[in-house]
Amino acid sequence: MKGWLLALVQTGLLAFGAPFLAGWVKWIKCRLQSRQGPPPWQPYRDLLRLFGKEAVVAETASPIFRVAPYVVFSVTALACSVVPMVAIGLPTAAIADVIVLVGFFALGRFFLALAGMDVGTPFGGMGSSREMTIASLAEPAMLLGVFTLAMTVRSTNLASMIGYLIEQPFQLYPSFVFAAMGLVLVAVAETGRIPVDNPATHLELTMVHEAMILEYSGRHLALMEWGAMLKLMIYSVLLCNLFLPWGVAVDFAPLSLLIGLGAITLKLLLLGTALAVAETGLAKMRLFRVPQYLGLAFILCLLGMLSHVILEVN
Amino acid sequence: MPLSLAFLAVGAALLSGLLPLVRPGSNAVARRIAFPLLGISGVLGMVAGGMALGSAEPSRIVLPVGLPWLHSHLQLDPLAGFFLAVVSLVTLVAAIYGPAYVREYEQGPQPLLPLTLFTGLFVAGMQLVLLAADAFSFMIAWELMSVTSYFLVAYQHQHEVNRRAAFIYLLMAQVGGLFILLGYGVLSGFGHGFDFAHMAAATLSPGWSSVAFLLAFVGFGMKAGLVPLHVWLPQAHPVAPSHVSALMSGVMLKVAVYGFIRFSYDLLGGIHWQWGALVLFVGSASAILGVLYALMQHDLKRLLAYHSVENIGIIYMGLGLSMIFAGTGHPALAALGLIAALYHCLNHALFKSLLFFGAGVVLQQSREHDLEKMGGLIRRLPVTATCFLVGCISISALPPFNGFVSEWLTFQTALQGPVLENNILGALIPVAAAVLALTGALAAACFVKVFGICFLGLPRSEKSAAATETTAGPLAGQIVLAALCLLFGVLPTWTVGQLEHIARLFFPGGMPETTAHGWLWLTPVSSQVASYGAPLVLLGIGLAWVLAWLWMHPRRRRFPVRRVPAWDCGFGSLNARMQYTATAFTMPIRRIFRPVWPITESYRTPTAEEQGGRYQLKIGDWAWLKVYEPIGRLLLATARRMAMIQGGNIRAYLAYSFFTLIVLLLVVSL
């Protein structure tokens with residue numbers, strides 16, 4: 001019972017912490033670019049304002065258009081519940097392993113892309129086409145990277161993976177280094193950040209995610225935006241906890257939970273800063289450079305796996 | 001008991017074909033007799049198959065028909081029972097879907113009779129293949145299945161493409177049949193008998209058993225549509241009537257998979273891991289090439305046919321993994337791979353039939369084959385669109401629908417690669433898993449294209465703007481299949497428990513851990529390694545949905561949704577030509593994977609008088625260019641050379657006979 005309650009709290013933490021992370025990245029980025037920037041809690045204000053506005057829907061839109069925000073949001077929220085953030089050993093972790101998690105994102109993306117094509121404007125179709133192209137290259141790289149970890153740990157269950165890594169004395173596996181690099185590249189692509197997509201612009205040449213949700217407004221837009229922030233949060237938590245698992249609570253004692261919370265907050269803030277630095281230093285790529293970028297991610301993950309098989313299996 | 005029910009099923013299918021012959025002139029009689037009987041056959045077959053799946057002891061019977069020294073052996077064990085149930089299920093749904101669908105053909109130039117006649121015989125042929133327990137009756141039933149489906153493909157023979165597709169189909173079916181026959185020949189030569197019991201008891205040297213395996217692999221692979229033997233499939237499936245396409249693509253290919261499993265697991269036994277590696281490789285190639293070719297198709301049914309190549313590839317990947325583990329002494333993992341493959345057989349039968357049914361409605365109601373001319377059909381065909389969406393989600397392997405579960409099981413099997421002693425194999429298997437991931441992601445892209453272009457947006461032609469929803473029968477068929485897609489996705493533990501009966505035939509230990517944690521959790525290897533709580537996933541999505549809805553509800557009251565024209569950037573109202581087309585949608589993928597297709601692309605800039613330029617894009621299939629056309633050329637050239645000896649001179653012919661006789665006598669005397 002306590003486990004389920006904790007799982008609920010953790011899901012809430014993830015869901016309501018996500019806008020802060022997005023705001024934090026934006027704030028740091030602004031500071032780095034010598035701008036004042038909105039405070040990190042600005043996304044909460046934006047979401048609240050959007051929730052309070054009326055929803056305007058195009059006449060040509062079908063029910064898919066109105067269903068999609070709910071599907072995207074509920075699937076991403078469910079994904080939040082299986083990601084170990086503060087503690088492992090929660091009962092929800094057994095609902096889905098990491099392959100199912102990838103499946104959740106794929107389901108959300110499927111509806112997002114359909115919604116983009118629904119109204120019949122050229123931008124939507126363009127965004128859907130680009131999103132599905134990028135995703136179809138990112139997904140295999142991501143799964144290959146995850147398989148590298150899974151083969152070391154002998155499990156695809158996220159909680160078991162993190163638990164195994166905490167128990168082990170620290171050891172720098174070459175396969176992990178490669179997989180980490182590959183997964184970072186994939187995470188950048190999947191969450192629609194620079195250099196693959198630019199979440200801050202509405203230019204025809206650069207849009208991917210924004211092009212698909214261009215027709216949305218009001219509460220629908222709020223759900224879509226929140227869903228995107230959740231995705232960034234989930235990927236960040238996964239990267240932090242898989243590759244730097246220290247601090248994650250292994251039991252439900254209040255002290256260790258508190259340490260877990262502190263550790264993940266610190267890790268997320270650092271990761272957000274790193275992301276902001278990277279986004280400030282890099283330029284957005286052309287769409288047809290993205291395959292090479294994701295190819296690099298795939299090769300890194302493949303190298304990780306090969307080095308696992310060659311160097312680490314005994 | 002199950003066997004006699006199965007006989008009744010076959011009998012009903014035969015009757016459904018033959019009975020309308022009493023009034024050959026009447027289309028209505030043909031329709032009213034054939035489809036109910038087909039439905040009865042489906043129900044009986046499902047019951048028989050379900051009973052056989054659960055029973056430990058296979059039921060056998062020997063009928064005194066056939067060759068003088070060889071009676072027909074028939075049997076029904078869990079493996080055959082499972083496939084019988086799948087075939088019969090789709091038959092039943094086709095019988096619900098069919099009557100209203102074929103009404104249109106009554107206005108066509110052909111009478112309905114050949115369609116119902118050969119459909120009945122075709123179903124009976126498929127059921128008999130599953131019941132056969134000796135090579136002779138197997139081949140008879142197999143040929144019945146192949147030849148009758150040839151007539152179904154050729155049904156609308158006034159079209160040139162149909163005749164050509166049917167011819168190619170018949171040709172490849174016969175070549176494939178020959179390979180299967182040779183495979184059985186090898187087995188019966190060592191087993192001293194044509195019935196399966198003798199063949200299974202045969203002891204073969206590794207060399208001969210590999211020869212038999214390769215013959216069966218090619219023969220059944222030809223029917224199943226593995227790359228590069230797939231070329232008949234995208235030609236034959238689109239031209240047949242849609243309920244026949246569903247039967248051919250949804251279940252006939254599964255009969256080939258059944259034959260392959262029966263041949264290699266049951267009759268041949270003693271599986272070598274090298275065979276598994278070959279099967280895994282060919283399966284992976286089929287999966288990835290199938291989906292890439294499908295992406296470039298804009299004819300709805302041809303696209304679905306290419307997806308059959310993909311899904312058969314996924315099934316063979318599961319089988320290949322299973323054979324690798326079986327050959328290296330890991331029976332529990334081999335059972336897991338086999339179950340993943342069988343589960344995907346079931347899933348593919350469900351969602352592919354669903355998609356073909358949906359495509360049939362779309363084609364009939366919008367009178368368009370080309371995706372580029374559809375659009376906006378979701379408002380015209382709401383129920384069909386919803387069911388088709390379920391099919392799209394299932395085939396794209398997204399949770400919580402059924403396609404996801406079998407692919408997940410295949411992933412889990414592949415991830416157990418490190419238990420192998422062989423390091424190279426251990427590294428290659430996860431790469432196969434990455435190929436599977438790429439396949440799934442590309443399939444999702446493809447079905448976003450299909451659904452988005454076909455059902456969403458604005459209508460791209462007047463015909464598709466005028467489409468109307470179809471009648472009750474076709475809708476009921478689709479709804480049943482859509483519900484089953486969800487059901488088998490949410491209750492994987494139960495399904496896997498049933499499929500375990502089959503795995504126990506070949507791997508007596510079974511998979512102790514898989515279903516050990518109750519119906520909520522599916523744990524393929526152990527609960528530590530991986531678990532999937534499909535019912536909880538559905539519940540979780542529902543819960544999050546309800547929470548979001550409750551959160552929104554007061555706002556919905558205050559601010560109801562306002563419908564306005566879409567923003568058109570000030571260029572005048574939105575029209576259908578502004579939308580992304582299917583060609584444009586897949587353009588980035590076409591550019592990234594360019595070498596995969598033989599592409600000819602041409603663009604003519606408009607002259608002063610002309611209104612617009614002309615862009616032409618042709619996408620072929622390398623298998624034709626690189627495999628079949630050279631073979632065809634070689635055959636023709638050889639035939640031309642051979643024709644030299646055909647001088648028309650009777651004395652020369654007598655001399656040929658004489659020398660042949662001498663050579664034969666020499667051979668015999670040696």
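Each value in this text was obtained by applying a stated rule to the coordinates, not by laboratory testing. Predicted model only: the values in this text are computed from it and were never measured. Quick reminder, even Gly has a Cβ in these numbers, built from the backbone with ideal geometry, and neighbours come from all protein chains shown.
Can you tell me which residues in segment B:368-381 are farther than 25 Å from B:V90 by Cα and outside any helix (DSSP H, G or I)?
Hits for segment B:368-381 are B:E368, B:D370, B:M374, B:G375, B:G376.
Cβ-Cβ under 9 Å, sequence separation 6+ or interchain: first residue in segment B:336-348 and farther than 23 Å from B:A246 by Cα, partner among the aromatic types (F, W, Y). Which pairs?
Sorted first by the residue in segment B:336-348, then by its partner, the pairs are B:L336/B:F325; B:G337/B:F325; B:L338/B:Y265; B:L338/B:F506; B:L338/B:F507.
Quick check: anything in segment B:606-614 under 30 Å from B:A584 (Cβ atoms) and among the hydroxyl-bearing types (S, T, Y)?
Within segment B:606-614, one or more residues are under 30 Å from B:A584 (Cβ atoms) and among the hydroxyl-bearing types (S, T, Y).
Which number in (1) assigned to a loop (DSSP other than H, G, I, E, B); (2) surrounded by 20 or more Cβ atoms within 10 Å (Cβ to Cβ) marks the one condition that A:V72 misses?
Status for A:V72: all satisfied but (1).
Is one or more of the residues making up segment B:543-560 surrounded by 11 or more Cβ atoms within 10 Å (Cβ to Cβ) and within 28 Å of the chain's Cα centre (by Cα)?
no
Counting only residues that are out of contact with any strand residue (DSSP E or B) (no Cβ under 9 Å at 6 or more places or on another chain) and over 15 Å from A:L223 (Cβ atoms), which one in segment A:51-66 is farthest from the other protein chains (Cβ to nearest Cβ)?
So the residue we want is A:P63.
Among the candidates B:R641, B:R651, B:R604, single out the residue that is under 30 Å from B:W232 (Cα atoms) and basic (K, R).
B:R641
Go through segment B:172-273 and tell me which helices (runs of 4 or more DSSP H), entirely inside it, have 2 or more residues that are touching a residue at least 40 places away in the same chain (Cβ under 8 Å), among the polar types (S, T, N, Q) and surrounded by fewer than 23 Cβ atoms within 10 Å (Cβ to Cβ).
Filter on segment B:172-273 gives B:206-224.
Are any residues in segment B:511-523 crowded, with 21+ Cβ neighbours inside 10 Å, touching a residue at least 24 places away in the same chain (Cβ under 8 Å) and either away from chain A (no Cβ under 13 Å) or under 25 Å from the mean Cα position of the chain (by Cα) (or both), and if so, which ones?
Once the filter is applied, which keeps residues that are crowded, with 21+ Cβ neighbours inside 10 Å, touching a residue at least 24 places away in the same chain (Cβ under 8 Å) and either away from chain A (no Cβ under 13 Å) or under 25 Å from the mean Cα position of the chain (by Cα) (or both), segment B:511-523 yields B:M511, B:T514.
Just wondering, is there one or more residues in segment B:88-108 that are surrounded by fewer than 24 Cβ atoms within 10 Å (Cβ to Cβ) and outside any helix (DSSP H, G or I)?
yes
Do any helices (runs of 4 or more DSSP H) lying entirely in segment B:567-670 carry at least 3 residues that are small (G, A, S) and over 29 Å from B:S286 (Cβ atoms), and which ones are they?
Helices (runs of 4 or more DSSP H) meeting the threshold: B:650-669.
Those residues that are more than 7 Å from chain A (Cβ to nearest Cβ) and without any contact (Cβ under 8 Å) to a residue 40 or more places away in the chain, I need them from segment B:556-576; list them, please.
B:R556, B:R557, B:R558, B:P560, B:W567, B:D568, B:C569, B:G570, B:F571, B:G572, B:S573
Name the pairs: first residue in segment B:297-316 and closer than 21 Å to B:T581 by Cβ, second residue not in a helix (DSSP H, G or I), Cβ to Cβ under 7 Å, at least 6 apart or on different chains?
As it stands, the answer is B:H298/B:D370; B:D299/B:H369; B:D299/B:D370; B:L300/B:H369; B:L303/B:Q297; B:Y306/B:Q297, since those pairs meet every condition given.
Output the helices (runs of 4 or more DSSP H) that fall wholly within segment B:441-509 and possess 2 or more residues being of a type in the set (A, V, I, L, M, F, W, C), or say none.
Answer list for segment B:441-509: B:472-490, B:492-506.
Does segment B:105-128 contain any residue that is among the β-branched types (V, I, T), in contact (Cβ under 8 Å) with a residue 12 or more places away in the chain and over 23 Å from B:G66 (Cβ atoms)?
There is at least one residue in segment B:105-128 that is among the β-branched types (V, I, T), in contact (Cβ under 8 Å) with a residue 12 or more places away in the chain and over 23 Å from B:G66 (Cβ atoms).
Does A:T206 satisfy being crowded, with 21+ Cβ neighbours inside 10 Å and of a type in the set (V, I, T)?
It is false that A:T206 is crowded, with 21+ Cβ neighbours inside 10 Å and of a type in the set (V, I, T).
For segment A:114-151, name all the residues that are more than 7 Å from chain B (Cβ to nearest Cβ) and within 19 Å of B:T410 (Cα to Cα).
A:A141, A:M142, A:G145, A:V146, A:T148, A:L149
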